[in-house]
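Below you'll find the structure, written out as structure tokens, and then a few comments.
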Amino acid sequence: MAGQVAAREEYLDSMVKQRTEELETRNRSLEGLSAALSKYLSPQVYSSIFSGHQVAEIASKRKKLTIFLSDIANFTATTDKLESEDLTAMLNRYLAEMAQIALKHGATIDKYVGDAVLAFFGDPESRGVKEDAVACVMMAVEMQAKLRQLEMEWIDTGAERPFQVRIGINTGFCTVGNFGSPDRMDYTIVGGAVNLTSRLEQSCEPGSILISHATWSLVNDLIDAEERPALTVKGFDEPLRSYAVRGLKAAASTEVIRKELPGMQLFIDTGTADRAEVRQTLTKVVEDLDRS
């Protein structure tokens, strides 16, 4: 009798161990799948879905958002002389750097359309309409500064015409949510405010940022911007007031430090760089030179 009990307990322990191993394997598989899916969604959207705050069904709502749209000016002409491998490397590096800056400032990245980037602030998370607008413009300023750094790298790799990016920003009410079919949907934004952002981006000078009057009214206490001639664009009856962003007011007196010598290139954007970190880096470089 005791032997039968021991055998049964051994059998049960074996079954529990087997089921535990199966559950652990399944959990690892689900974690891997979840990590893979997260790369196809903006972190905010991914988090809201997996936390249960967002339901995967056709639904939308009206919200006041600040919309960001950028693309590379004269992309075809810029890339005509590049081999496909070099073009792919440059484009992926560009998009990776822009995405990192966007996520740092809290943008919801809607989609990449070739070389274009569509993002917005205010959903599914919002810090307030003004704060969202400020974050968006500050993000754009940092992106253009980063592109000036990348320009030097790309010239060194043989690119004759490095990327120059146009950025349009607008604030307005949009319809945001899941669009599509029950089997295949996309979390995105639609509406006149999105179209206006596109018109601003198309009217922007390469390497610049153009914002609407609605956005300017929210950020003008922090952002240095110059009003441009009114725009007459397709789809809008009234001329549009727009402003070219020069930078942050607190950094209006800053400059870009650029030094080039044989075997050396130095680029410091004093408006966006962490000055303490720059000093530490330069000190280490000098120490390394003294030891060499």
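The values are calculated or read from the model by the stated rules, or taken from the named source; none is laboratory data. None of the values given here were measured: they were computed from a predicted structure. Positions of Cβ are backbone-derived with ideal geometry, glycine not excepted, and every protein chain shown enters the neighbour counts. Please note that ligands, DNA and RNA were not included when accessible areas were found on the heavy atoms of the full protein model with its side chains. Shrake-Rupley method; radii C 1.70, N 1.55, O 1.52, S 1.80 Å.
For the condition open to solvent by 70 Å² or more (accessible area, probe 1.4 Å), in a helix (DSSP H, G or I) and either closer than 21 Å to Gly122 by Cβ or modelled with pLDDT of 75 or more (or both), Leu200 does not qualify. Of the residues making up segment 209-224, those that are modelled with pLDDT of 95 or more and surrounded by 18 or more Cβ atoms within 10 Å (Cβ to Cβ) are Ile209, Leu210, Ile211, Ser212, Ala214, Thr215, Trp216, Leu218, Val219. Quick check, is Leu91 touching a strand residue (DSSP E or B) at 6+ places or on another chain (Cβ under 7 Å), part of a helix (DSSP H, G or I), surrounded by fewer than 19 Cβ atoms within 10 Å (Cβ to Cβ) and modelled with pLDDT of 85 or more? So Leu91 does not fit the description; no. The set of residues in segment 228-253 that are modelled with pLDDT of 90 or more and of a type in the set (Ser, Thr, Tyr) comprises Ser242, Tyr243. The residue list Lys63, Lys81 contains one member that is at pLDDT 70 or above and either more than 30 Å from Ser212 (Cα to Cα) or touching a helix residue (DSSP H, G or I) at 6+ places or on another chain (Cβ under 8 Å) (or both), which is Lys81. Here the condition is being touching a Ser or Thr at 6+ places or on another chain (Cβ under 8 Å) and buried (at least 19 other Cβ atoms within 10 Å of the Cβ); of Thr66, Thr79, it holds for Thr66 alone.
Inside segment 206-220, residues that are touching a residue at least 24 places away in the same chain (Cβ under 8 Å), at negative phi and not in a helix (DSSP H, G or I) make up a count of 6.
Checking each residue in segment 146-164 for being out of contact with any Gly (no Cβ under 7 Å at 6 or more places or on another chain) and at pLDDT 85 or above picks out Lys146, Leu147, Arg148, Gln149, Leu150.
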